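Here's the structure, in structure tokens; my notes come after.
The values are calculated or read from the model by the stated rules, or taken from the named source; none is laboratory data. Being a predicted model, the structure only gives us computed values, none of them experimental. No Cβ is skipped: glycine too gets one built from the backbone with ideal geometry, and neighbour counts run over all protein chains shown. With ligands, DNA and RNA removed, areas are computed over all heavy atoms of the protein, side chains included. Shrake-Rupley method; radii C 1.70, N 1.55, O 1.52, S 1.80 Å.
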Amino acid sequence: MGIQKKHGKGRLDKWYKLAKEKGYRARAAFKLIQLNKKYGFLEKSKVLLDLCAAPGSWCQVAAETMPEGSLIVGVDLSPIKAIPKCITFQSDITTDKCRATIRQYLKTWKADTVLHDGAPNVGTAWVQDSFNQAELALQAMKLATEFLVEGGTFVTKVFRSKDYNNLLWVFNQLFTKVEATKPPSSRNVSAEIFVVCRGFKAPKRIDPKFLDPRSVFAELSDPTPNNEAKVFNPEVKKRKRDGYEEGNYTQFKEVPASEFIQTTDPIAILGSLNRLNFEQPPNGDVALAALDKLPETTQEIRNCCADLRVLGRKEFRSLLRWRLKVREKFGFATKKTANAAAAEEEVAEVESMDEELKIQEELQELSEKETSRKKRERRRENEKKQKEIIRMQLHMTAPTEIGLEQAGPNGEGSMFGLKAIDKSGAVDKIAKGKMAILTEADARKDQDSGFGSGENDEESDNEQDRLDRELDSLYEQYQNRKSDADAKFRAKKARKEHGDNEWEGFSAGEHDSEDDDELEEDSSDESSDEEAPSKRSLLTNLDSNEKKSGGLSRRAAQFFDQDIFKDIGGLPEEEDEEEVDADLDRLNSIIQPDDEAESKDDLPELAEDAESESDDDEKGFEVVKRTDAEKQWEDEAPRRDGKLDIDIITAEAMTLAQQIASGEKTTRDLIDEGFNKYAFKDRDGLPEWFLDDEKRHDKPHRPITAAGAAAIKEKLRALNARPIKKVREAKDRKKFKAAQRLEKLRKKSAMLQDEEGMTEKEKAQSIMKLMSKAVKKKPQQQVKVVVARGGNRGIAGRPRGVKGKYKIVDARLKKDTRALKRAAKKQK
Ligand SMILES: C[S@@+](CC[C@H](N)C(=O)[O-])C[C@H]1O[C@@H](n2cnc3c(N)ncnc32)[C@H](O)[C@@H]1O
């Protein structure tokens, strides 16, 4: 890659190259070409005036585009090399001489188009330096008004400065259409813009103010600069979007420090100047000399005065204080006698400024602190939410966290805050979260008994309840989301629901009735249940469907709720119960075939559904709840065909089976083991999410033996050895092909049978032939091994002289394999 030359502003761009190629004197030619393409004024013009035309590329374009025999006059401060079909001369467009020369060339004609692409030659020795671009454009327009025909076009370049709008305003007074545009060839970095003014109104008399730069730009120019802003808030740097300050060519401004002391507008000095100096003028300045010697004029003050542009609020304040002190010393205050009112006013004003400065500062500090605090909080919250989302996506979020983090202690601003919904439709959710009900009931009891009736307690209880309810409903949402996404989970949930219904047979009733009582109490106190659904307009209660479904998933239940299934009766519930009982009996007999003496009550896990609690009490046994593994085991066993399909697939189960089979463990041992911490877990009042979480992690660990593990391993190996789907498919394909061949054979032999010219023997022989041909297996082609050496080394295709299947082998590999074999033999 060649090294690129650096050029100022990257001038040598594609327009530059194009201009060179086409023979234009400047890349600016393309600006006119593009402007003309858009507005098409050149083709319509017969007389054109090009102001500031050097080096002449616009004249070149005009000469090319305008009709034959057109008059093109170009003028510039710089000399312009002669251009065919163009008259050019050197002059300053702001002078009368220039106007006279133009008149000379145009004679009585009027220009159809006046172009102006002038830019002041800043930095040269020309007097025109003082004219800024806007003024130059105004001068150009002045000439245009003199020479343009009615309806003519004036195209001018302007820079986006504060005078830009003033200029546009003037253009709009004199032309019917004024449009500002930036042709593509104009560099983006350049502030230049082209204004195309069409339809010159050619008024008989133009107000001279329109064409006087002083009135045009002074009238609408910016009022006094905002020095207060610079001094009070110097840290906030205002970007200059309106170009450079016009007429402000002196960048560095300084005044004697004494002037700052004497002035009535110290802010203006601090805001607009660069330095306060202590240098004595040639004739000497007593005030300045005194100021220089004052002890108040510390080194720090001097440093501050040395560069006002770098000062902050603090430094400005110290300068203002210093000024006040010096003024007092200088006796400006005693001037009151001579100029009392004015001095007082002035001093007062300055003092108030100082005070104001302080107050403003404090206010600003406070507001800054407040905004930064808010920002911090917002950022923290966003980060938290972001983390939560990521964790949820990674399935890392425990339901506890969802609730706590999302709702937070206040829960108001939380993304999934259910406060609003909760207010209206939380009845069902409360029913699910038993803890909430209990807490409410407890709270009521406490209130009645006079305990905890303080407002704070009540509030915190309510808050607690609300949090619990929100947690419950969030957990439910989480489960729904999971079940929507995960079919396995759906199936498991459906199974669980089915199981729960069975288990809750008698206890569920109790709960229900309890809950009902609770709700009845509620209804008498607060609102009736009937009102709840209307309030719950936002929530569709899908749970009721689940209850109806009898173990089906919600979707399945909704599907079977359709009218067409109405008349189809399912299995009557009683039948189900009977069947369950029968299954239980069978199970009992299988598990304890020779120990019939032991009653059903001896197996608490099996008896719990059949017997009521009171019965158990009578017989002196306590009912032990089934563990989840046992429940699952029961659920998975298909019972309808009367056979129990017990498949031992875990090492734990295999160990247990082996122990039972070898007599290592008896039924009594199993029963004894059943009385463990898992059997007597108090689950009442615990929220569902907690129970689910416990279920997942707090499981009994059953011991496994090496023999049990080995047996399971063996079983799995056998399972894996069974033909997999693809093998089965291949076999089926083979069978299908054989059947096809057979069919073909059958058809052929049928045809032979019908053949009239053949004897029966011949027919039989031909059929036998066909059959033996069909049965005959094609001899397997031998694979020829070709060693990649000599001519065969590194060849890509088939080796020469080899037919049929072949395999190219590496000589080295062959040798290595042989060597390995030899070594293995030796070791033996
Ligand atoms: C960008 S150049 C014009 C390029 C020209 N349009 C072309 O196509 O070649 C700007 C010109 O404005 C001229 N100019 C600036 N002030 C002027 C003035 N007061 N009178 C005449 N020409 C002026 C400069 O001499 C300079 O040549």
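Could you tell me whether segment 768-781 includes any residue that is free of Cβ contacts under 8 Å to residues at least 60 places away in the same chain and farther than 30 Å from LYS734 by Cβ? Looking through segment 768-781, none of the residues is free of Cβ contacts under 8 Å to residues at least 60 places away in the same chain and farther than 30 Å from LYS734 by Cβ. Among the residues examined, ASP112 does not qualify as among the charged types (D, E, K, R) and near the ligand (Cβ under 10 Å from one of its atoms).
Only one of the numbered conditions (1) modelled with pLDDT under 85; (2) of a type in the set (Lys, Arg); (3) away from the ligand (no atom under 13 Å from the Cβ) is not met by ARG11, and that is (3). Restricted to segment 272-315, and to residues that are in contact with a Pro (Cβ under 7 Å, 6 or more places away or on another chain) and in a helix (DSSP H, G or I), which residue is modelled with the highest pLDDT? The qualifying residue modelled with the highest pLDDT is LEU288. Looking at LYS37, is it away from the ligand (no atom under 15 Å from the Cβ), within 51 Å of the chain's Cα centre (by Cα) and not small (Gly, Ala, Ser)? Yes; evaluated as a whole, the condition is true for this residue. Within segment 193-210, residues that are touching a residue at least 24 places away in the same chain (Cβ under 8 Å) reach partners that are assigned to a loop (DSSP other than H, G, I, E, B) with beta carbons closer than 8 Å, at six or more positions or on different chains, in the pairs ILE193/ARG160; ILE193/LYS182; ILE193/SER186; PHE194/LYS182; PHE194/PRO183; PHE194/SER186; VAL196/PHE41; ARG198/PHE41. Identify all residues within segment 152-178 that are touching a residue at least 40 places away in the same chain (Cβ under 8 Å) and either in a strand (DSSP E or B) or small (Gly, Ala, Ser) (or both); write none if there are none. Matches in segment 152-178: GLY152, THR153, PHE154, VAL155, THR156, LYS157, PHE159, SER161. Of THR113, THR145, THR156, all but one fail to be open to solvent by 10 Å² or more (accessible area, probe 1.4 Å) and at pLDDT 90 or above; the exception is THR145. Within segment 677-707, restricting attention to residues that are assigned to a helix (DSSP H, G or I) and of a type in the set (A, V, I, L, M), the residue that is nearest to ASP468 (Cα to Cα) is LEU691. Test GLN60 against the stated conditions and say whether it is within 11 Å of the ligand (Cβ to nearest atom) and under 22 Å from GLY152 (Cβ atoms). Yes: the conditions hold for GLN60.
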